């Protein structure tokens, strides 16, 4: 799926996942096919400038957003809650 194929609900969910501390970019790529760079581009396009800057500051270097930096014992990206 490319960014052009996303509907409003998909975009909303991707933004939600990108803001979540424990959802790695790999989970977004797995579910929507967007790389980390594409998620950043989407966030830049969809958020206000100040919100985008706040988000980038928040996720930059955050271990939980990058699967390579996560602890080895964290092997899931989905909340154990049932919706």
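The values are calculated or read from the model by the stated rules, or taken from the named source; none is laboratory data. Bear in mind that the values here come from a model prediction, so they are computed numbers and not experimental data. Glycine gets a Cβ as well: all are built from the backbone with ideal geometry, and neighbour counts include every protein chain shown.
Points to keep in mind about this one:
- Taken residue by residue, segment 58-71 has no member that is at pLDDT 95 or above, under 11 Å from the mean Cα position of the chain (by Cα) and either outside any helix (DSSP H, G or I) or crowded, with 16+ Cβ neighbours inside 10 Å (or both).
- Cross-chain or 6+ apart pairs with Cβ under 9 Å, segment 28-56 first and in contact (Cβ under 8 Å) with a residue 24 or more places away in the chain, then buried (at least 17 other Cβ atoms within 10 Å of the Cβ) and not in a helix (DSSP H, G or I): 30/77; 32/6; 34/6; 41/34; 42/6; 42/34; 55/47
- Scanning segment 41-53 for residues that are within 13 Å of residue 18 (Cβ to Cβ) and either modelled with pLDDT under 95 or surrounded by fewer than 13 Cβ atoms within 10 Å (Cβ to Cβ) (or both) returns a single hit, 45.
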